[in-house]
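Visitor: Pasting a structure below so you can have a look.
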Amino acid sequence: VYAGWYLRPDGETHPCAINIGQRPTFYEHADSSLLEAHLLDFDDDLYGERARIRFAGFLRSERKFDGVDALIAQLRADVDHARRLLG
């Protein structure tokens, strides 16, 4: 999990928390990895948009959680950590 920047084709840049991995809490034996960027303080539709990601800092390693509630709590902490790091 990383903090970074989401770079839109129109030049806009947004801070984000980024996950790269196989999402082991839901897919213990996934065949491939996925990159997911959670844009901070952003509410719009980005589906189908090509973008670039710039990594700014490592937050933590990927791990399997005991359930959805534990995962959600960690995601909130990751977003807070990314927000502080990107300042």
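The values are calculated or read from the model by the stated rules, or taken from the named source; none is laboratory data. Predicted model only: the values in this text are computed from it and were never measured. Here the Cβ is made from the backbone with ideal geometry for all residues, glycine too, and neighbour counts use every protein chain on show. Accessible surface is based on the protein model in full, side chains and every heavy atom, while ligands, DNA and RNA are left aside. Shrake-Rupley method; radii C 1.70, N 1.55, O 1.52, S 1.80 Å.
Visitor: Taking the solvent-accessible surface of protein heavy atoms with a 1.4 Å probe, what is the per residue accessible area of the chain in Å²?
Guide: Numbers: 6130 Å² over 87 residues.
So the chain comes to 70 Å² accessible per residue, rounded to a whole number.
Visitor: Compute the long axis of helix 68-86 from its Cα atoms, compare it with the longest principal axis of the Cα atoms of the chain, and write down the angle in degrees, 0 to 90, nearest 10.
Guide: Helix 68-86 and the main axis of the chain meet at about 30 degrees.
Visitor: Measure out, as a whole number of angstrom, how far apart the alpha-carbon centroids of region 44-87 and region 1-24 sit.
Guide: 8
Visitor: Could you work out the longest stretch of the chain that avoids the chymotrypsin sites (Phe, Trp or Tyr not before Pro) located in DSSP loops with at most 16 other Cβ atoms within 10 Å?
Guide: Numbers: sites that count: Phe26, Tyr27, Phe42, Tyr47, Phe65.
The answer is 1-25.
Visitor: Here's a follow-up. Percent of accessible area on the chain owned by carbon and sulfur, 1.4 Å probe? Spell out each step's value before the answer.
Guide: Details: 2920 of 6130 Å².
The C+S portion of the solvent-accessible surface of the chain is 48 percent.
Visitor: List the GluC sites (Glu not before Pro) in region 19-74 that DSSP assigns to loop (not H, G, I, E or B) and whose Cβ has at most 16 other Cβ atoms within 10 Å. Which are they? All intermediate terms of the calculation are to be shown ahead of the outcome.
Guide: Working: sites: Glu28, Glu36, Glu49, Glu62; in loops: Glu28, Glu49, Glu62.
The qualifying sites are Glu28, Glu49, Glu62.
Visitor: On to the next question. If each of Glu12 and Tyr27 carries a label point 7 Å out from its Cα toward its Cβ, how far apart are those two points in nm?
Guide: It works out to 2.7 nm between the two label points.
Visitor: At what distance in nm do the modelled label points of Asp80 and Leu39 sit from each other, each positioned 7 Å from its Cα along Cα→Cβ?
Guide: Calculated label separation equals 2.5 nm.
Visitor: Something else about it: Subtract the Cα-Cα distance of Glu62 and Glu49 from 0.36 nm times their separation in residues, and report this length gain in nm to one decimal. Working shown, then result.
Guide: Values: separation 13, 0.36 × 13 = 4.68 nm, distance 2.58 nm.
Separation in residues times 0.36 nm, less the Cα-Cα distance, equals 2.1 nm.
Visitor: If you don't mind, another one. Let me check the size of the chain from its C-alpha atoms; what are the radius of gyration and Dmax in Å?
Guide: Answer for the chain, Rg first and Dmax second: 13.3, 40 Å.
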